[in-house]
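Below is one structure; the comments refer to it alone.
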Amino acid sequence: MKILLIGEYSNLHNSLKQGLVKNGHNVVLLGNGDGFKNYDADILIKSSFFEKKLLKKIAKIVDRFTGISLNEIELFIRSLFKIKTLKEFDVVQLINERAFKTSPRMEKILLKQLVQNNKKIFLLACGIDNNSLKYAIEKKFRYSILTPYFENSSQKKEYKQTLKYLSPGYLRLSKYVRNIVSGIISSDLDYHIPYLGTEKYLGMIPNPVNIDKLKKPYPVKRNQIHILHAINSKNKIKKGNKIFEKSLSIVEKKYSDKIKVVRTIDNPYSSHIKNVEDCDILLDQVYAYDQGYNALEAMALGKVVFTGAEVEWAKYYKIKEDMVAINALPDVSKIVDKLSWLIENPIHLENISKNARKFIEEHHNYKNIALKYVANWEK
């Protein structure tokens, strides 16, 4: 099968590609590297012209006063030239409704070109889109990435890029995408739940993780427990990093001789994964029901991850609380309690580490997940 994957979030499409290739398929990945993370792509499309110092300032001024993004225009032009040459693919999968990272109007032009030149188009419900954000804004989740906004509406500026997905333009784009695709697949429960009952929804396929590449390192005996707090500056409010920081400040005072805390901001993937390999505990995100990709890769490496591991997730996978991952609730006292429990009882770190790796092998094996994608595409 000849497959074109468009867009990248946190190494998801790269890992899916690796699984598909292992199963004998011909795969091309078009992406922008996912910002500072700098992931691989067969066809790399980035805004480079307006990233130059002076031009970047001009682009910001134009965007502020006119609402026109020169970066998006550059991405559109670069993408259009490329996709005109991408023809006769059996399957094209979009990682999101806005897979090219341009404006809704430009996205539609690019998508029309894809429909014209290829066979089936599929949508991966991953990342923010109109449907999942509408579900969150209506407070159908107990908590979500919008919780900090609900609690403090003065943060509206920080949520500008998120809330735009509820605008008429993005709603029209969402309807257009759903009309052209043959099916919609979600990557985890945070997207699966909002899409239940939606037309063309084919269900959830868990994120693929390359368990051959990410191998649990041999445990190193040391006197301190290493805790990693890796921050994405653009998403720190939505991820709940402030809650983690408040929790860490308490734990550091309480267990100063027993722990070492490493904080990083906007690290490229190659550096980040090395830090993950060296840590015992990773603080991933608070406002989620399921694990995101960053958490899954850490679990594959046998790390104890504070992330989304809600009751819905535990029920879906038939897992008991605190056996595979720690459910990071938006409550400082509860995160402090869980961290203290692990620091005072290191045997739990070892048990959860083993369970985490086993869980990834059973439910997120990239070769098995690739087979599930192909089965859905062929329906």
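The values are calculated or read from the model by the stated rules, or taken from the named source; none is laboratory data. Predicted model only: the values in this text are computed from it and were never measured. Heads up, the Cβs are rebuilt from the backbone with ideal geometry, glycines too, and the neighbour counts pull from every protein chain shown.
Taken together, the residues in segment 310-327 that are closer than 16 Å to Y287 by Cα, of a type in the set (V, I, T) and surrounded by 17 or more Cβ atoms within 10 Å (Cβ to Cβ) amount to 1. A count restricted to segment 78-95 and to residues that are surrounded by 21 or more Cβ atoms within 10 Å (Cβ to Cβ), within 22 Å of S47 (Cβ to Cβ) and either outside the structural domain of G67 (by TED's automatic domain parsing) or not hydrophobic (A, V, I, L, M, F, W, C) (or both) stands at 1. Could we say that K101 is closer than 24 Å to I3 by Cα and either surrounded by fewer than 17 Cβ atoms within 10 Å (Cβ to Cβ) or not assigned by TED's automatic domain parsing to the domain that holds I45 (or both) here? No; evaluated as a whole, the condition is false for this residue. Scan segment 315-340 for residues that are in a loop (DSSP other than H, G, I, E, B) and either in contact (Cβ under 8 Å) with a residue 24 or more places away in the chain or of a type in the set (K, R) (or both) and report the count. Residues in segment 315-340 being in a loop (DSSP other than H, G, I, E, B) and either in contact (Cβ under 8 Å) with a residue 24 or more places away in the chain or of a type in the set (K, R) (or both): 11 in total. Residues of segment 283-314 that are touching a residue at least 60 places away in the same chain (Cβ under 8 Å), part of a loop (DSSP other than H, G, I, E, B) and of a type in the set (G, A, S): A288, G292, G302, G308.
One residue alone among R142, R178 is modelled with pLDDT of 95 or more and over 23 Å from L296 (Cβ atoms), and that residue is R178. For segment 199-225, the set of residues classified as surrounded by fewer than 14 Cβ atoms within 10 Å (Cβ to Cβ) and over 26 Å from K17 (Cβ atoms) consists of E199, Y218, P219, V220, K221, R222, N223, listed by residue number. In this structure, K253 does not satisfy being of a type in the set (K, R), on the phi < 0 side of the Ramachandran plot and buried (at least 18 other Cβ atoms within 10 Å of the Cβ).
Can you tell me which residue in segment 359-371 is farthest from V220 (Cα to Cα), limited to those that are of a type in the set (D, E, K, R) and touching a residue at least 24 places away in the same chain (Cβ under 8 Å)?
Within segment 359-371, the first condition is being of a type in the set (D, E, K, R), and the residues that meet it are 361-362, 367.
Those still in the list that are touching a residue at least 24 places away in the same chain (Cβ under 8 Å) too: 361, 367.
Values: E361: 22, K367: 30 Å.
This residue is K367.
Per-residue answers, yes or no, for (1) over 29 Å from N376 (Cβ atoms); (2) touching a helix residue (DSSP H, G or I) at 6+ places or on another chain (Cβ under 6 Å):
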| residue | (1), (2) |
| --- | --- |
| I180 | no, yes |
| V209 | no, yes |
| P217 | yes, yes |
| L228 | yes, yes |
| N275 | yes, no |
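Listed by position, the helices (runs of 4 or more DSSP H) inside segment 165-282 whose residues that are farther than 21 Å from H363 by Cβ number at least 2 are 168-180, 236-239, 241-254, 269-278.
Only a single criterion out of (1) in contact with a helix residue (DSSP H, G or I) (Cβ under 6 Å, 6 or more places away or on another chain); (2) of a type outside the set (G, A, S); (3) crowded, with 20+ Cβ neighbours inside 10 Å is not satisfied by V336, namely (3). Exactly one residue out of L75, L111 is out of contact with any helix residue (DSSP H, G or I) (no Cβ under 7 Å at 6 or more places or on another chain) and either surrounded by 20 or more Cβ atoms within 10 Å (Cβ to Cβ) or in the same structural domain as I243 (by TED's automatic domain parsing) (or both), and it is L75.
For segment 276-307, name all the residues that are over 18 Å from the mean Cα position of the chain (by Cα) and either surrounded by fewer than 18 Cβ atoms within 10 Å (Cβ to Cβ) or among the aromatic types (F, W, Y) (or both). If the condition is that a residue be over 18 Å from the mean Cα position of the chain (by Cα) and either surrounded by fewer than 18 Cβ atoms within 10 Å (Cβ to Cβ) or among the aromatic types (F, W, Y) (or both), then E277, D278 are the ones that fit. When N38, N32, N23 are checked against the criterion of being touching a residue at least 60 places away in the same chain (Cβ under 8 Å), within 30 Å of N275 (Cβ to Cβ) and out of contact with any Pro (no Cβ under 6 Å at 6 or more places or on another chain), a single residue qualifies: N32.
Rundown of residues vs (1) more than 15 Å from L173 (Cβ to Cβ); (2) surrounded by 15 or more Cβ atoms within 10 Å (Cβ to Cβ), yes/no style:
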| residue | (1), (2) |
| --- | --- |
| G31 | yes, yes |
| D42 | yes, no |
| I45 | yes, yes |
| T66 | yes, no |
| L123 | no, yes |
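If I ask for residues that are part of a loop (DSSP other than H, G, I, E, B), within 25 Å of Y165 (Cβ to Cβ) and either aliphatic (A, V, I, L, M) or at pLDDT 90 or above (or both), which ones from segment 50-104 would you list? Scanning segment 50-104 gives I68, I95, N96, E97, R98, A99, F100, K101, T102, S103.
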